[in-house]
Structures are given as C-alpha cells and as structure tokens.
Amino acid sequence: MDYRHEIKFLVSDMDLEIIRYRLLPIMQQDIHQTGESYTIRSLYFDDFQNSCMKENEDGIDNRQKFRIRIYNEEISFIKLEKKIKYRGMTRKESALISKSDVLTYMDRSVKVFQKESERLEKELQTQIQTKGMHAASIVEYERTAFVEERGNVRITFDRNIRGSTKVNDFFKSRLMAIPLLPKGIQVLEVKYDELLPGYIYEVLNMGTLQRSSFSKYCYSRAMEALN
C-alpha cells in the first residue's frame, strides 16, 4: 500500500451529526460495518524509552508504531499492524494473528517462526528482544466509516474514545477505561490518496474545522498518568 494523506479534526457531536447527514447521499458506509458503528480495541506497543510516545509528542515526522486490533470483541479476527508516518503521510502494514500470538507478545517471550507470511511478526519480535518493546496501552472506541472509490477516500467518526494501561485486560469483555476527550468531543479522520474530491471537501467544509494532531495512544498514556 502506498502512503496516504491522513487528516484529523476534533469536532462536536452536533457538527459530526451534520457531516454524517451530508455524507450519506454521496458516500457508502464501509461494507464491514453492520449498523451505525463498530467497536475497535487496539493494544499499542512501545519500548522501554517510550520512543513511540516521545516521537509523537515531539512531532518527529519519520516514525512508526505497532498495535494489535480486535473488532467488536471478536477474537477470531485479530490484526497486527505497523503504522508508518513519513513526510506527513501514512501507510499501514498488517497481518492476521491468533490470540495465542498476542499473549506471546504481551509476555515478551520468544516465538519460533516458520512461514514467510510472518515477516511483520518477526519484526515485532525483534524489537521486543532488542528494544524492550512491550504492550503499553489499550484504546477503545466506536467507529463509523464512509468510503469513496474516487481518491480511495475513507472518512471515519471515532466516538467515546477511552484508554487504559491495564494491558492484561485486552481480551476482557468489559474494559475499565478512562475517557480521553471532553464529553461531546469526537474525532473525525479523513484519509485519501493523492487528491480529495472537491465535492467531499465542500461537504466536510474542512476550511472551518479544527485540525488536530490528536494521538489516541499518547492521550491514553497521558490520561492514565493523571489518574
């Protein structure tokens, strides 16, 4: 996958509902979404020096982070992802893994690899062994997603974003987590390849939205430290 633009905004519930109403006639909802939204739970990794968090806070442009994701608490479909940011653009690499794999990485134990398809897992394992990479935080939220083939556009609404550093709770059915944003404030993300179609730009009215560098991972670590 090539690098893509990714722009984030902090928006109110009211503005998000207005944007949703405007998008419904011109964009399709994600085919994997049933109903109004779906739940994402991500387990983020960092090293002993908290490099991922510090690089994000310092605005370092060339950085990467590993995370493991489950959707709607379904453990039969688990993704290991590496998100890379370079020159203001992003891309993701991903691989399907099992629950036992996740527990291995959380325990920082050594795993024997056999298949070529496990390249991404090997990379994480190497960082666990050489940099002290470990599970550092959990983030959970409800996402609504719209897609448009032109420009490979994906627009997401992330609501009720909450976090926890109790990483051993990753597979629990109910996660005790702390809200990361004030009540009534949510995150709008706009992702696209080279150009954002003009009619989508106009519908979003992006010139009036408050652009943000909000990081779910960094906020989850910061909010946990305050509590």
Exercise. Go through region 11-118 and name the GluC sites (Glu not before Pro) that are in a DSSP coil and have 15 or fewer other Cβ atoms within 10 Å of their Cβ.
Key: 36, 73
Quiz prompt | Accessible-area order (highest first, 1.4 angstrom probe) of the listed residues 209, 96 | solution = 96, 209
Quiz item: How high is the FRET efficiency from residue 47 to residue 17, r the C-beta distance, R0 45 Å, rounded to 0.05?
Solution: 0.65
Quiz item: Which whole-number percentage describes the relative contact order of the chain, with Cα contacts under 8 Å and a sequence gap of 6 or more?
Solution: 29
Quiz prompt | Average accessible surface area per residue within the chain, 1.4 Å rolling probe, Å² | solution = 54
Quiz item: Can you give the accessible area of residue 32 in Å² (nearest 10), computed on protein heavy atoms with a 1.4 Å probe?
Solution: 150
Quiz prompt | Rg and Dmax of region 1-114, Cα atoms only, in Å | solution = 17.3, 51
Practice problem: Just tell me the longest site-free run in the chain, where the sites are chymotrypsin sites (Phe, Trp or Tyr not before Pro) in a DSSP loop having at most 12 other beta-carbon atoms within 10 Å. | Solution: 114-227
Exercise. Calculate what fraction, in whole %, of the accessible area of the chain sits on carbon and sulfur atoms when a 1.4 Å probe is rolled over the protein chains.
Key: 49
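With charges only on Cβ, +1 for K and R and -1 for D and E, what is the dipole size of the chain about its Cα centre, in debye, rounded to 20? All intermediate terms of the calculation are to be shown ahead of the outcome.
Values: 37 positive and 34 negative charges, 92 e Å.
Around 440 debye, computed over the chain.
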Exercise. Could you pull out the longest piece of the chain with no exposed loop trypsin sites (Lys or Arg not before Pro) in it, calling a site exposed if DSSP puts it outside H, G, I, E, B and it has at most 16 other Cβ atoms within 10 Å?
Key: 1-86
Quiz item: Per-residue HN-Hα couplings for region 85-96, Karplus 6.51 cos²θ - 1.76 cosθ + 1.60 at θ = phi - 60°, whole Hz, x for Gly and Pro?
Solution: 10, 8, 6, x, 10, 10, 8, 10, 10, 9, 8, 7
Quiz item: Using alpha-carbon pairs under 8 Å, 6+ residues apart, how would you state the relative contact order of region 129-227 in percent?
Solution: 33
Quiz prompt | Solvent exposure, largest accessible area first (probe 1.4 Å, DNA, RNA and ligands not counted), of 14, 223 | solution = 14, 223
Quiz prompt | Positive-pole candidate from 86, 23, 7, dipole of the chain, charges at beta carbon | solution = 86
Practice problem: For 126, 165, write out the residues from largest to smallest accessible area, computed with a 1.4 angstrom probe and no ligands counted. | Solution: 126, 165
Quiz item: If you work out volume of the Cα convex hull per residue in Å³ from the coordinates, which of (i) 195; (ii) 119; (iii) 136 do you get?
Solution: (iii)
Exercise. Kindly give the semi-axes, whole Å and largest first, of the ellipsoid equivalent to region 65-108, taking each as the square root of 5 times a Cα gyration tensor eigenvalue.
Key: 23, 12, 7
Quiz item: So what does log10 I(q)/I(0) come out to for region 140-227 at q = 0.16, 0.24 Å⁻¹, using the Debye formula with one equal point on every Cα and no solvent?
Solution: -0.75, -1.20
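The values are calculated or read from the model by the stated rules, or taken from the named source; none is laboratory data. Just so it is clear, the structure is predicted and the values come from calculations on it, not from any experiment. Cβ atoms come from the backbone with ideal geometry, glycine included; neighbour counts cover every protein chain shown. We work out accessible area using only protein heavy atoms, side chains counted, and drop any ligands, DNA or RNA first. Shrake-Rupley method; radii C 1.70, N 1.55, O 1.52, S 1.80 Å.
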